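Some notes on the structure that comes next.
Read the figures in this text as sums done on the coordinates, not as results from a lab. Computed from a predicted structure; not experimentally measured. Cβ atoms come from the backbone with ideal geometry, glycine included; neighbour counts cover every protein chain shown.
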Amino acid sequence: MHRSFWLKFSVFNFFLVALLGVIMRYKILYSLPFLDQKHLQEAHSHFAFYGWITNALYVLILIYLGKVNSALNLKKYENLIIVNIIASFAMLGTFIYGGYFWGSIAASTVSLLCSFVFFYFFLKDSTKIQDASKIWFQAGLFFAVISSLGVFNLAYMKMSGNIKQDLYLGSEYYFLHFQYNGFFIFSCIGLLLFSLKEAVAPISESKNKLIFWLMFFGCLIGFGLSVLWMKMPVSIFTVIVIATIAQTIGAVLLYDFVKKSWGNLILKWSPMQRFVLIFAGFAFAVKIALQLGSNIPALNQFAFGFRNVVIAYLHLVLLMCIATFLINQILATNYFTITKQLLLGVKLLLLGIFLNEFILGLMGIFSIKYIAIPYANHMLLYVSLLMFVSIFWIFINMKTRADKM
């Protein structure tokens, strides 16, 4: 099947993620007794990770490989994309039906094994590639592989019934950290650097390696930020602080490079593409700042002690930063005709994402003093409906260009 089909399919999966979001928001306010909220949450997060983000990244990496080495046989990657999609839909159904049980664990395992094979194929094929983005994709796929340890540990505890709260939470955060701070962010940086190279703004090898190693070390050790509530020696805490500072320096250097390349982007990218990059870049900057701040024990306790704050942070990274960036990348492939209708959908989506983050952020701040914002859940339901409608609008207006059929 054509690449444009898989890209459009990714957006359809994003639409399904938004639908689950609407149902969960509805369930907070009104009764839907035949659906279990915890099961819906598990289906929502797993399908968002594998059906939407992982699938979109696989297809975009596949397109990248085709551009940097046209001699490569990409059929094996296409087969993996199909297997991952089937496993993602199996996860969607099984998690809604029964949460964690043998069916959902089997489907999750298939997706995880897919990431192992994808990583192996990419490592093998990228030996022939000389490109700045290569190491970012390699690292991203490596983080996807090691994140699986968290899931396997969670599955083992669920199946055996032997759940230790600290270990359970630690495993959950381990998986989330290496997925979104590792696989998602590193792959997105790889895509960004390749887009800049295509816009005649290639990064120098020395600068690329410096930014990469600062951020790689920062991500690897940075998992410690997620488990600062565990008792740990001062020496380990010091290493975690150094790693966070290293990641912050890497992010600042990356910003500086994008800023210096802006003149080329004005010539090559549409105003909408540039705006979305600023939008996602702002979210990434806030994420880096919050990460740095969470080294302060009191702030860390606040961040992990309040559910609203955790949800706001996850949405900041996954929606405002990664999802918007991926939508931008999908439309920047030039496989689709960019119409006013399509751009309207993107604008409405950005508005919905911003409002969602704004309300969640306020709820997080007010929850410190245990103050509830009146009608906050009603507002979040309306905002989730806006995002749901806008993604559907983008999907139906994605028309493949005649020359890309």
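Tyr30 versus Tyr255, label points 7 Å from Cα toward the beta carbon: distance in nm?
Going by the 7 Å Cα→Cβ label model, 4.3 nm.
May I ask you to order 12-19, 151-158, 56-63, 382-389 by the average number of other C-beta atoms within 10 Å around their residues, highest value first?
On the way: 12-19: 21.8, 151-158: 17.2, 56-63: 23.5, 382-389: 19.9.
In descending order of packing, they fall as 56-63, 12-19, 382-389, 151-158.
Please tell me which of these pairs span more than 20 angstrom C-alpha to C-alpha: Lys209/Lys259; Lys231/Lys287; Lys231/Lys369; Lys67/Lys128; Lys76/Lys128? All intermediate terms of the calculation are to be shown ahead of the outcome.
Working: Lys209/Lys259 18 Å; Lys231/Lys287 25 Å; Lys231/Lys369 26 Å; Lys67/Lys128 13 Å; Lys76/Lys128 17 Å.
Too far apart for the 20 Å limit: Lys231/Lys287; Lys231/Lys369.
What are the ³J(HN,Hα) values, in whole Hz, obtained from phi via the Karplus relation 6.51 cos²θ - 1.76 cosθ + 1.60 with θ = phi - 60°, for each residue of region 189-204 in sequence order, with x given for Gly and Pro?
Computed from phi, the couplings for region 189-204 are 5, x, 5, 4, 5, 5, 4, 5, 5, 5, 8, 6, 9, x, 8, 6 Hz.
Separation between the Lys75 and Ile373 pseudo-spin-labels, each 7 Å from Cα along Cα→Cβ, expressed in nm?
About 5.3 nm, to one decimal.
Are there chymotrypsin sites (Phe, Trp or Tyr not before Pro) in region 163-199 that DSSP puts in a loop and that have at most 11 other Cβ atoms within 10 Å, and which ones?
Numbers: sites: Tyr168, Tyr173, Tyr174, Phe175, Phe178, Tyr180, Phe183, Phe184, Phe186, Phe194; in loops: none.
Taking region 163-199 and a limit of 11 other Cβ atoms within 10 Å, no loop chymotrypsin sites (Phe, Trp or Tyr not before Pro) are found.
How much net charge surrounds Leu253 when only other residues with a Cβ under 13 Å from its Cβ are counted (Lys, Arg +1; Asp, Glu -1)?
Numbers: positive: Lys207, Lys209, Lys259, Lys260; negative: Asp256.
It works out to a net charge of +3.
Extending each Cα 7 Å along its Cβ direction at Lys38 and Leu343, get the distance between those two points in nm, one decimal.
4.8
Along the charge dipole of the chain, Cβ charges K/R +1 and D/E -1, which of Thr248, Gln165, Ser390 sits furthest on the positive end?
Checked the options; the winner is Ser390.
Let me know the charge dipole size of region 125-201 about its Cα centre in debye, to the nearest 20, where only the beta-carbon of Lys, Arg (+1) and Asp, Glu (-1) is charged. The partial results should precede the final answer.
Details: 5 positive and 5 negative charges, 18 e Å.
Charge dipole, region 125-201, about its Cα centre: 80 debye, nearest 20.
With +1 on each Lys and Arg Cβ and -1 on each Asp and Glu Cβ, and nothing else charged, work out how big the dipole of region 12-305 is about its Cα centre, in Debye to the nearest 20. Don't skip to the answer; put the middle values down first.
Details: 20 positive and 10 negative charges, 82 e Å.
Taking the Cα centre of region 12-305 as origin, the dipole is about 400 debye.
If you take the square roots of the eigenvalues of the alpha-carbon gyration tensor of the chain and sort them as a ≥ b ≥ c, do you get rounded (a/c under 1.5), prolate (a/b over b/c) or oblate?
Working: a/c = 1.28, a/b = 1.16, b/c = 1.11.
In terms of gyration-tensor shape, rounded.
Grab the DSSP H runs of the chain that are 4 residues or longer, score each as -39,500 (n - 2.57), total them, divide by all residues and round the 222 nm result to the nearest 500 deg cm²/dmol. Could you put the intermediate results ahead of the total?
Values: 17 runs with 303 residues, N = 405.
After summing the helix terms and dividing by residue count, I get -25500 deg cm²/dmol.
Which order do the peptides 348-356, 287-295 come out in when sorted by mean C-beta neighbours inside 10 angstrom, highest first?
So the peptides 348-356, 287-295, ranked by packing, come out 348-356, 287-295.
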